[in-house]
1. Suppose the filter is modelled with pLDDT of 95 or more, touching a strand residue (DSSP E or B) at 6+ places or on another chain (Cβ under 9 Å) and open to solvent by 100 Å² or more (accessible area, probe 1.4 Å); does residue 46 pass it?
2. Conditions: (1) open to solvent by 70 Å² or more (accessible area, probe 1.4 Å); (2) at pLDDT 90 or above. Residue 39 meets all but one. Number of the miss?
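The values are calculated or read from the model by the stated rules, or taken from the named source; none is laboratory data. For clarity, every value in this text was computed on a predicted model and none was experimentally measured. Here the Cβ positions follow ideal geometry from the backbone for every residue, glycine too, while neighbour counts run over all protein chains shown. These area figures cover heavy atoms from the full protein model, side chains too; ligands, DNA and RNA do not enter into them. Shrake-Rupley method; radii C 1.70, N 1.55, O 1.52, S 1.80 Å.
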Amino acid sequence: MQNNHKEHLFKILVIGDLGVGKTSIIKRYVHQNFSPNYRATIGVDFALKVLNWDHETVRLQLWDIAGRRSITRD
């Protein structure tokens with residue numbers, strides 16, 4: 001019996017200015033929750049979302065890149 005299961009990995013960078021909601025969007029999509037408590041991302045954080053369609057697995061690595069003001073000094 002032949003296994004036709006396919007797996008795919010996509011790395012997605014989520015970038016934008018400080019405080020626009022990048023982390024909130026990622027947490028809502030991956031963990032189905034929202035927190036009104038704001039905590040700035042320092043450096044890079046990532047989350048994994050696994051989706052299954054028919055005989056394919058899609059893994060989304062969502063990279064949360066810190067907003068510009070939290071990683072550099074102006």
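1. So residue 46 does not fit the description; no.
2. All conditions pass for residue 39, except number (2).
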